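For reference, the structure discussed in these notes is given below.
The values are calculated or read from the model by the stated rules, or taken from the named source; none is laboratory data. Since the model is a prediction, treat every value here as computed from it, not as a measurement. Using ideal geometry, Cβ is built from the backbone for each residue, glycine included, and neighbour counts are taken over all protein chains shown. The accessibility values were calculated without ligands, DNA or RNA, using every heavy atom of the protein model including side chains. Shrake-Rupley method; radii C 1.70, N 1.55, O 1.52, S 1.80 Å.
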Amino acid sequence: MDQFLFFLVAFLAVASAVYFVFARNPLYAILSLIVTMFSIAGMYILLNAQFLAIIQIIVYAGAIMVLFLYILMMLNLNKQDESKKNNTLKFVGVFTAGLLLIGVLGVFRGVTDNHIVLENVDKGVGLTKNLGRLLFNQYVLPFELASILILAGIVGAVLIGKKDL
């Protein structure tokens with residue numbers, strides 16, 4: 001069942017990514033990229049990495065895609081602008097993806113042993129509870145230092161952005 005779900009989510013991710021490359025309307029392209037990001041989050045869930053899945057949804061599918069949509073709406077692209085675009089970069093991208101596929105197939109051709117040992121697999125890896133326990137016990141000092149650095153960056157950006165201080 002897991003393998004079927006993986007192939008379903010992987011097909012959805014690849015299909016929406018291909019549609020993103022070939023879409024004429026930039027709004028549909030960005031929406032298909034959001035579907036790709038959600039599909040990748042689904043793959044993280046299948047890998048038992050719930051924290052990464054939530055971060056994928058919040059950061060990429062949430063914040064960055066909303067920013068892309070906002071910029072797209074601010075640009076106000078017309079249909080007249082779409083006819084001027086050159087498809088050369090799209091074909092170069094497809095060619096490069098084909099070369100990457102050939103390389104990945106070459107790697108898999110060299111793999112002969114597909115035996116997976118499930119006896120020593122830790123089922124707790126990737127769980128948010130274990131990550132939080134490790135983050136707030138063993139790595140609490142680097143975590144707090146990183147939060148202070150982020151706060152300093154935010155204050156610095158506000159001070160630079162504000163002209164009359």
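Table for the structure above
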read-out: Residues of the stretch 1-13 classified as part of a helix (DSSP H, G or I) and open to solvent by 80 Å² or more (accessible area, probe 1.4 Å), total; value: 8
read-out: Every residue from the stretch 95-138 that is modelled with pLDDT under 70 and either of a type in the set (Asp, Glu) or open to solvent by 100 Å² or more (accessible area, probe 1.4 Å) (or both); value: Thr112, Asp113, Asn114, His115, Ile116, Leu118, Glu119, Asn120, Asp122, Lys123
read-out: Residue within the stretch 30-41 that is outside any helix (DSSP H, G or I) and surrounded by 14 or more Cβ atoms within 10 Å (Cβ to Cβ) present; value: no
read-out: Residue check, Ser16 part of a helix (DSSP H, G or I), buried (at least 17 other Cβ atoms within 10 Å of the Cβ) and in contact (Cβ under 8 Å) with a residue 24 or more places away in the chain; value: no
read-out: The lone exception for Arg24 - which of (1) modelled with pLDDT of 80 or more; (2) in a helix (DSSP H, G or I) it fails; value: (2)
